[in-house]
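Structure, as structure tokens:
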Amino acid sequence: MLAGIVALMWIIEVINSLDSGLRLDNDGIYPRNLDHLWGIFTAPFLHVSFPHLIGNTIPFVFMGVIIALRGAGRLALVTLIVIVIGGLGTWLIAPAHTTTGAPIVTVGASGVVFGYATYLLTRGIFDRSALEILTGVVVGVVWGGALLASLVPRQNVSWQGHVCGAIGGVVAAWLLAGDHARRERAQGAGGQPAGALAK
């Protein structure tokens, strides 16, 4: 699944670079515009340039692989929660226009990257897992400085998308808390699920 998401992002950017008249990155989030509310779901897959895409791909894959160790289903749930909460938050609080009156469109996977990071940073607390807390510490050490720097308001960078994506990651960790522990408790003797019949 992770490879599919990354492949889709790269294919879209290749199409954008080959056909300047077809700017798919215009299909992102238009704050408080009901006609483009669907942009919440397309924005993470769209980027304004290859450097933008590369900058998001590396941490996206790094943290996505860690999340995917719990299975593709877990990665899908975390990604969906982050996209919905982070996208809605951005849609609600991001500025709709520049100082010159031009519409602002938010695109990029950085909101999901922030969501992945805060999910990994907080899931150990909600799951009461020392190993997950250690994983969160490693993520914080490797990416913490870059992520914090991205929260500083800068031109052409949506700090709102970063903050809202981060909130989405914490919500995902909270919503999915205990799921792994419940599965472990459901395992019967010999590693079989409770109620399973031995063959």
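At a glance:
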{"quantity": "Selection status of residue 163, over 17 Å from residue 70 (Cβ atoms), open to solvent by 20 Å² or more (accessible area, probe 1.4 Å) and assigned to a helix (DSSP H, G or I)", "calculated": "yes"}
{"quantity": "The lone exception for residue 114 - which of (1) open to solvent by 20 Å² or more (accessible area, probe 1.4 Å); (2) within 18 Å of residue 58 (Cβ to Cβ); (3) among the hydrophobic types (A, V, I, L, M, F, W, C) it fails", "calculated": "(1)"}
{"quantity": "Some residue of segment 76-89 being in contact with a Ser or Thr (Cβ under 8 Å, 6 or more places away or on another chain), part of a helix (DSSP H, G or I) and buried (at least 16 other Cβ atoms within 10 Å of the Cβ)", "calculated": "no"}
{"quantity": "Subset of segment 62-109 [among the small types (Gly, Ala, Ser) and without any contact (Cβ under 8 Å) to a residue 24 or more places away in the chain]", "calculated": "71, 73, 101, 102"}
{"quantity": "Failed item in (1) within 16 Å of residue 2 (Cβ to Cβ); (2) open to solvent by less than 20 Å² (accessible area, probe 1.4 Å); (3) in contact with a Leu (Cβ under 9 Å, 6 or more places away or on another chain), with residue 47 passing the rest", "calculated": "(1)"}
{"quantity": "Complete set of residues in segment 134-155 that are open to solvent by 30 Å² or more (accessible area, probe 1.4 Å), touching a residue at least 24 places away in the same chain (Cβ under 8 Å) and not hydrophobic (A, V, I, L, M, F, W, C)", "calculated": "135"}
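The values are calculated or read from the model by the stated rules, or taken from the named source; none is laboratory data. Note that this is a predicted model, so its numbers are computed, not measured. Don't worry about glycine lacking a Cβ; one is built from the backbone with ideal geometry, like all the others, and counts go over all protein chains shown. Ligands, DNA and RNA are excluded from the accessible area calculation, which covers all protein heavy atoms including side chains. Shrake-Rupley method; radii C 1.70, N 1.55, O 1.52, S 1.80 Å.
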